[in-house]
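*Asks:* What follows is a single structure, and I will ask about it in a moment.
The values are calculated or read from the model by the stated rules, or taken from the named source; none is laboratory data. These numbers come from a predicted model, not from an experiment. In this analysis, Cβ positions are derived from the backbone assuming ideal geometry, glycine residues included, and neighbour counts consider all displayed protein chains.
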Amino acid sequence: MNYTITFNDGIVYSSPDIRETDPGWASENGEKLTGIGEMSIKLPNKKILILKGFEKYNFFVEASQAFGKKAKARIESFFFCGAWRGHVVSWEINYKTRQVLKRMALEGREYHGTATRGWRMGLMGEKAESGLCPLV
């Protein structure tokens with residue numbers, strides 16, 4: 001499962017498999033991810049999630065780890081977000097159940113009522129759009 005970013009100059013970036021590899025969003029190289037025109041991810045349910053026209057984009061992983069154990073952290077969910085005019089649409093993909101949830105919030109309250117970090121600048125359009133589409 002990887003995500004694809006299309007920049008306003010037409011360059012396309014595909015991340016490594018986000019289930020097994022750090023895609024680099026939060027790294028120093030991730031800061032170069034500016035001018036995003038569209039972000040998409042192919043989902044296991046044979047659909048594609050597309051976000052486009054947003055002022056800013058974000059991606060992060062929710063993980064958990066049992067207290068007192070030396071076990072590796074366990075992925076719970078992946079989040080794909082777009083901010084536009086003070087509002088955020090968040091798409092959560094539950095790693096275990098594959099359930100996809102869409103949430104709307106005010107910017108700064110997008111993750112369980114709190115702000116997130118790691119936003120990358122997009123190319124704001126006349127309107128922002130996001131949704132699930134069937135894979136062709």
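*Asks:* What tally of residues in segment 82-136 results from selecting those that are acidic (D, E) and under 21 Å from I48 (Cα atoms)?
*Replies:* Of the residues in that region, 2 qualify.
*Asks:* Shifting gears a bit: With (1) modelled with pLDDT under 90; (2) on the phi > 0 side of the Ramachandran plot as the list, and H112 as the residue in question, which single condition is left unmet?
*Replies:* Failing condition for H112: (1).
*Asks:* Among residues belonging to segment 43-94 that are in contact with a Lys or Arg (Cβ under 9 Å, 6 or more places away or on another chain) and not in a strand (DSSP E or B), point out the one that is nearest to G108 (Cα to Cα).
*Replies:* E55
*Asks:* Tell me whether segment 52-61 contains one or more residues that are of a type in the set (S, T, Y) and surrounded by fewer than 19 Cβ atoms within 10 Å (Cβ to Cβ).
*Replies:* Taking segment 52-61 as the starting set, the residues that turn out to be of a type in the set (S, T, Y) are 57.
Going one step further and asking which of them are surrounded by fewer than 19 Cβ atoms within 10 Å (Cβ to Cβ), we end up with none.
Within segment 52-61 (the criterion being of a type in the set (S, T, Y) and surrounded by fewer than 19 Cβ atoms within 10 Å (Cβ to Cβ)), the answer is no, since none of the residues qualifies.
*Asks:* Sticking with this one: Which residues, taken from segment 63-92, are surrounded by 16 or more Cβ atoms within 10 Å (Cβ to Cβ) and farther than 16 Å from K102 by Cβ?
*Replies:* Passing the criteria: only I75.
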